[in-house]
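Remarks on the structure that follows.
Taken together, the values in this text are just the output of simple stated rules run on the coordinates, not laboratory data. These numbers come from a predicted model, not from an experiment. Don't worry about glycine lacking a Cβ; one is built from the backbone with ideal geometry, like all the others, and counts go over all protein chains shown.
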Amino acid sequence: MSIDRDTVKKVAGLARIAVTDDEAQALVPELNNILGWVEQLGEVDVSGVEPMTAVIPNHLRLRDDVVTDGNVRDRVLANAPQAEHGFFAVPKVIE
Amino acid sequence: MTDLTNLTVAEIRDGFRDGEFSAREVTEAFSANIAAAKTLNAFIVETPDAALAAADAADAARASGALKPLSGVPIGMKDLFCTQGTQTTAASHILEGFVPQYESTVSAKLWSAGAGMLGKLNMDQFAMGSSNETSAFGNVVSPWKAADGKALTPGGSSGGSSSAIAARLCPAATGTDTGGSIRQPASFTGISGIKPTYGRCSRWGIVAFASSLDQAGAMARTVRDNAILLENMAGFDPKDSTSLDLPVPQWEAGLSSDLRGKKVGIPKEYRPDGLNPEIAALWDKGVAWLKDAGAEIVDVSLPHTQYALPTYYIIAPAEASSNLARYDGVRYGQRVLPDGAGLQDMYAATRAAGFGDEVKRRIMIGTYVLSAGFYDAYYTQACKVRTLIARDFEQAFTQCDLLLTPTAPSAAFALGEKQADPLAMYLNDVFTVPASLAGLPAMSLPGGLDSAGLPLGLQIIGRPLDEQGVLNASLALEERAGFTARAEKWW
């Protein structure tokens, strides 16, 4: 299947990347090329095959439910574009 | 006095230990080469003072008899590893100015082993690329030149690492490999590089691209140097849920080029019609070298090989779209806030301005293949084909211990040559991606020069956790290839 400019704009919206109409138009053939190429996977018979979840067999570890880190607020905020009163600051969300 | 920058890691370590030179002399020699090689653009940040501090500590340690495994050895650090107090960008504008407040596990291990940091190495943006042309800080240039004088790619994504090692700006460096990002640049620049089994090296503190594939590894000029470096990078880390809780073997001590009793498989699917005849000829030489080392050669089949690249280009972008959601302009990195913009507009403007074109392309592909209605057709299907690709290797390894293949389908190409066509660029990873999808250890080493005088690489792939087997077969090839060529200095 191929995608059009509106689909590109919808995907860009989902990905939170601003695109102009011209940029979206330019992406149409690029993305269609790549998607057309990966679609060849559809011809592989995968009946009875489980999707891979772990590339090397490994078990997920559990640890005790205790605090192992913390009290580093200033370091957490050190790289914030805007930090105020010990918080991350963002534009007003609720009118 | 010998030029210290021509020494290998093992020679620096041993010569320093034996008092032939000081760590400060070594570090100053490499820092001088770096300062004189700006044209190559291999470093994003140079840290000569950090390197000197480590060198002085090594000199003091030698005086007091407390040497560490890498005392006296300065190295380069790919800019994907978070380094406390030193800018880490993944070669993206969106992280420009980001100064980590913590150290990645792999880099911390190297520093505690005594190594010093010469600087942060340039790379493809977020490790997405095969030519080092997607960096926000400019292309890295290979020290090798085409016959017509054109500037060549050092490969990617670890292109700063490969260029710097080949140009004698550092004796070794870290790399990361998601689909070939250590092996392909090593092949293009006439050096060696190893990607260990997935889970050997902690991913903690490495800027994430595709978490089920990302794996740190070593790059250097010799197989022994790779063993030394990797030994000091690997190991269990409770902070990475996919870290393997296994002891780290003594790979250097275990090196042996005697391959008697070993079977090496030659996968027929890696010899497609139209394979570059010079690469096919080098592969044949590799077969002869392995036989000479005592190995038995067997023909094997990896029937799903042709599906590896499309599988990779669904799974890697899908994981990237999820991992890179964290760059929101709130907690770290760049923020773009248009006048009167709300939170959603700020996210979109920040990401539009901060990410490069290839990164945006992959995030969009990943978002699409994970979106409602397409998830099963693309993503689940790719995860199933990945199972089949891994199964191909399992079956091949019932007939052999290791595999020998070329590393890349061509020698280094000119900068700009493939930039216009993303798909042509992706095809460069055709021989490296399958082992990544299966999580297997794999190494590239230089086999010889093509008729244009450019390096070509051979790849050894091993069973899970058999880094020793990979290193040993590579050592046998290295001894027989006798590769000593280096780029003539023009920079």
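Observations, loosely collected:
- As a ratio to 2.2 N^0.38 Å, the alpha-carbon radius of gyration for the protein assembly as shown is 0.94.
- Averaged over the residues of B:346-353, the number of partner chain Cβ atoms lying within 10 Å of the residue Cβ comes to 5.
- As computed over region B:283-359, the Cα convex hull volume per residue (Å³): 167
- Binning all Cα-Cα separations of region B:355-491 at 5 Å, short to long from zero, yields these whole-percent fractions: 2, 8, 13, 15, 16, 15, 13, 10, 5, 2, 1.
- For region B:167-301, alpha-carbon Rg over 2.2 N^0.38 Å: 1.18
- With the simple model of a label 7 Å out from the Cα in the direction of the Cβ, B:Trp490 to A:Glu43 spans 4.2 nm.
- On full extension, the segment bounded by A:Asp6 and A:Ala54 gains 13.7 nm, given 0.36 nm per residue less the C-alpha separation.
- Per-residue mean of foreign Cβ neighbours for B:358-367 is 5 (Cβ atoms of other chains, 10 Å radius).
- Scanning chain B for trypsin sites (Lys or Arg not before Pro) in DSSP loops with at most 11 neighbouring Cβ atoms within 10 Å leaves B:1-259 as the longest stretch between them.
- Antiparallel %, DSSP beta bridges [both residues in chain B], to 5: 70
- Volume of the convex hull of region B:188-250 (Cα atoms only), normalised per residue: 90 Å³.
- Ellipsoid fit via the Cα gyration tensor, chain B: semi-axes of 31, 30, 21 Å, each the root of five times an eigenvalue, largest first.
- Annotation: amide H of B:Gly265 within the under-5 Å range of B:Val298, B:Asp401, B:Leu402, B:Leu403, B:Leu404, sequence separation 5 or more or interchain, hydrogens built in the peptide plane.
- 10 Å Cβ neighbours from other chains, averaged over peptide A:51-63: 6
- In nm, spacing of pseudo-spin labels at B:Val287 and A:Arg61 (7 Å Cα→C-beta vector): 4.5
- Relative to the current alpha-carbon distance between B:Asn276 and B:Ala253, full extension at 0.36 nm per residue lengthens the span by 4.6 nm.
- Cα shape, region B:43-167, gyration tensor, a/c 1.5 rule: oblate
- Largest-first principal axis extents, alpha carbons of region A:1-53, Å: 44, 22, 12
- Using 0.36 nm per residue and subtracting the Cα-Cα separation, the extra length available between A:Leu14 and A:Ala78 on full extension is 20.2 nm.
- The label point for B:Ala151 and the one for B:Thr398, both projected 7 Å from the Cα toward the Cβ, are 5.2 nm apart.
- Residues of region B:52-78 with amide N under 16 Å of a point placed 7 Å along Cα→Cβ from B:Glu25: B:55-56, B:58-60, B:62-63, B:72-74
- B:Leu230 sits among other residues whose Cβ lies under 10 Å from its own Cβ, and their net charge, with Lys and Arg +1 and Asp and Glu -1, is -2.
- Mean-position separation - Cα centroids, region B:277-301 and region B:1-78, in angstrom: 37
- Cα centroid separation, region B:436-477 to region A:45-65 (Å): 28
- DSSP beta bridges fully contained in the protein assembly as shown are about 70 percent antiparallel.
- Debye intensity ratio in log₁₀ form over the Cα atoms of chain A, taken at each q of 0.12, 0.14, 0.16 Å⁻¹: -0.90, -0.95, -0.94
- On a per residue basis, the convex hull of the C-alpha atoms belonging to region B:98-172 measures out at 100 Å³.
- Footprinting exposure proxy for B:Thr47, B:Thr2, B:Thr174 (fewest neighbouring C-beta atoms within 10 Å first): B:Thr2, B:Thr47, B:Thr174
- Mean separation of Cα contacts under 8 Å, 6 or more apart, over the residue count of chain B: relative contact order %: 18
- DSSP assigns beta bridges within region B:1-134; of those with both partners inside it, close to 45 percent run antiparallel.
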